[in-house]
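Beneath this line is the structure, given in structure tokens, with notes to follow.
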Amino acid sequence: MNILVVAEMQLGKLKPSNRASIRMAQDLAKKDGDSFSMVLLGHQLGDAANELNRFGAKKLFVIDAPEFEHYLAKPLTDAVSNLAREHGFDRIVGCEATTARDFFPRLAGALDAGMCRGVSALCEVNGETCYQRAVFSGMALRTERIHTPIHVMTVDPTTMDDPTEGGAGEVVAFDAGVTVGDEIRFVELRRAKSERPDLSVADRVVGAGRGIKSAEYLETIGALADKLGAAVGATRAVVDAGWLPNEFQVGQTGKAIAPKLYFAIGISGAVQHAAGIRGAKTIVAINKDAEAPIFKIADIGIVADLFDVVPQLIEGL
Ligand SMILES: Cc1cc2nc3c(=O)[nH]c(=O)nc-3n(C[C@H](O)[C@H](O)[C@H](O)COP(=O)(O)OP(=O)(O)OC[C@H]3O[C@@H](n4cnc5c(N)ncnc54)[C@H](O)[C@@H]3O)c2cc1C
């Protein structure tokens, strides 16, 4: 096996989710006594390569060119597939997130490879390495086998352990020979401005559901989040009501998160929401309905009116 991790940058920094891909590559390599390599693409990468090069990879390929300053699926796909062909990589690993969801299927197409997405664990069936992933909003685990010589996969960052530290690999500058044509160009990236931690990677998250009744109450939810140093998340009901923009949505069609602490406030705990918080270590639920499904997955359940409990929490913290 010749394993390659595709490491991604975001706004000039390494994405924290790269750690999950590296861990999967380490697990794959350990299984067959192989090594793994990584590729980092971007522009004016600064210290990013050094920061990445401490997990025992054999080689770190660096593709540093203006074409990769902003995310564009086509040049990225072309560059990684050129590298994979030239160096014979047959296991390509990335992390299941917005950009990889976009370009990994293209990569699989370019390399004529089978692909598994959202892999949470490796297993063996009849002596062959297979991939497990959660399906039906985490209600079931499916085992998948790839039949093509090249395997392309994204991993579920909420289920992976941290990678182990190791030595630095040989750094190799790779000329991907890719240019951005007229068919596609980067126009603009609009980001919600927030002083709070990034929801995708925050250690603590306060999640708001329809039970908060109005957008105005988000101010109180925000006050609790600030006391906890937490990010704010929301259910789809809150987003659909227009109380918060899309990027706050947690769940099957929103973000999958794995905080150490998740407060579910006025959230029923529908399977589509629960799918996004499977990786949370401790879930505290506040709901006035003792039968609400959220209590089935909560570690601490408070059956009460949130409008009484949340102000008390803010005062007590
Ligand atoms: C294809 C598909 C994809 C979906 N994807 C997502 C997704 O990614 N994320 C997501 O969240 N949802 C998703 N949904 C929607 C999901 O099914 C639920 O409708 C949604 O999660 C419900 O949001 P909620 O818990 O805020 O609202 P509700 O289900 O209305 O629950 C509100 C809760 O607040 C409680 N409550 C009310 N007042 C109080 C009070 N004063 N004090 C305490 N508790 C109170 C109620 O008892 C209730 O349990 C998806 C649905 C579909 C069909």
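The trypsin sites (Lys or Arg not before Pro) found in region 21-79 that occupy coil by DSSP, while having at most 15 further C-beta atoms within 10 Å, are Arg54, Lys58. Under 12 Å of direct C-alpha separation, and excluding same-chain neighbours fewer than eight residues apart, Lys227 reaches these aspartates and glutamates: Glu315. FRET efficiency for the Met1 to Thr143 pair, using the beta carbon distance and R₀ = 22 Å, is estimated at 0.70. Taking label points 7 Å from Cα along the Cα-to-Cβ direction, Asp305 and Asp182 give a separation of 6.6 nm. Our summary gives region 102-261 a relative contact order of 17 percent, counting only alpha carbon pairs under 8 angstrom and 6 or more residues apart.
Here the spin labels are modelled as points 7 Å beyond Cα on the Cα-Cβ line, and at Lys30 and Cys123 they lie 1.9 nm apart.
Count neighbours as other Cβ atoms within 10 Å of each site's Cβ, and list the trypsin sites (Lys or Arg not before Pro) in region 250-317 that are DSSP loop with at most 13 such neighbours. In loop regions of region 250-317 (DSSP not H, G, I, E or B), the sparsely surrounded trypsin sites (Lys or Arg not before Pro) are Lys260, Lys281. Summary of the geometry: region 206-252 and region 263-278, compared by the centres of their Cα atoms, lie 12 Å apart. As a calculated quantity, the FRET efficiency between Asp240 and Thr164 at R0 = 35 Å, using C-beta atoms, amounts to about 0.25. For the chain, the fraction of C-alpha pairs farther apart than 26 angstrom is 50 percent.
Between Asp289 and Gln44, the contour length at 0.36 nm per residue exceeds the alpha carbon distance by 82.9 nm. For GluC sites (Glu not before Pro), the sites in region 36-123 that DSSP calls loop and that have at most 15 other Cβ atoms within 10 Å are Glu69.
With θ taken as phi - 60° and the Karplus curve 6.51 cos²θ - 1.76 cosθ + 1.60 applied, the whole-hertz 3J(HN,Hα) list for region 153-168 is 8, 10, 10, 7, x, 7, 10, 8, 6, 5, x, 8, 6, x, x, 8 Hz, x standing for glycine and proline.
Ellipticity at 222 nm from helices only: DSSP H runs of n ≥ 4 in the chain, each -39500 (n - 2.57), divided by the residue count, give -7500 deg cm²/dmol. Here the translational diffusion coefficient of region 204-316 follows from Stokes-Einstein with Rh set to the Kirkwood radius across Cα pairs; for 37 °C and 0.692 mPa s it amounts to 244 µm²/s. Between Val119 and Thr154, Val155, Asp156, the built amide H atoms are under 5 Å apart, and every one of these is 5 or more places off in sequence or on another chain. Looking at the chain, the DSSP beta bridges with both ends there are about 20 percent antiparallel. Across all C-alpha atoms in region 154-241, the radius of gyration and Dmax reach 20.2, 56 Å. Relative contact order of the chain, taken over Cα pairs closer than 8 Å and 6 or more residues apart, is 14 percent.
Amide H contacts for Gly301 (H built 1.01 Å from N in the peptide plane; partners 5 or more residues away or on another chain; cut-off under 5 Å): Ala285. Specify the angular offset, from 0 to 90 degrees and rounded to the nearest 10, of the alpha carbon long axis of helix 98-110 from the longest principal axis of the alpha carbons in the chain. For helix 98-110, the angle is close to 30 degrees.
The distance separating the Cα centre of region 95-128 from that of region 172-204 comes to 21 Å. Coupling constants for region 14-24 follow from the phi torsions by the Karplus curve (6.51 cos²θ - 1.76 cosθ + 1.60, θ = phi - 60°), and in residue order they are 5, 6, x, 5, 4, 4, 5, 5, 5, 4, 5 Hz; glycine and proline get x. Under 5 Å between amide hydrogens, built in the peptide plane, is the criterion, and for Ala57 it picks out Gly169 among residues at least 5 positions away or on other chains. What residues of region 183-227 lie in the reach of a label at Thr98, counting those whose backbone N is under 18 Å from a point 7 Å from the Cα along Cα→Cβ? Answer for region 183-227: 185-202.
Laboratory data are not the source of any read-out in this text; all were calculated from the coordinates shown. Just so you know, these numbers come straight off a predicted model, no measurement behind them. As a convention, Cβ positions derive from the backbone with ideal geometry for all residues, glycine included, and neighbour counts pool all protein chains shown.
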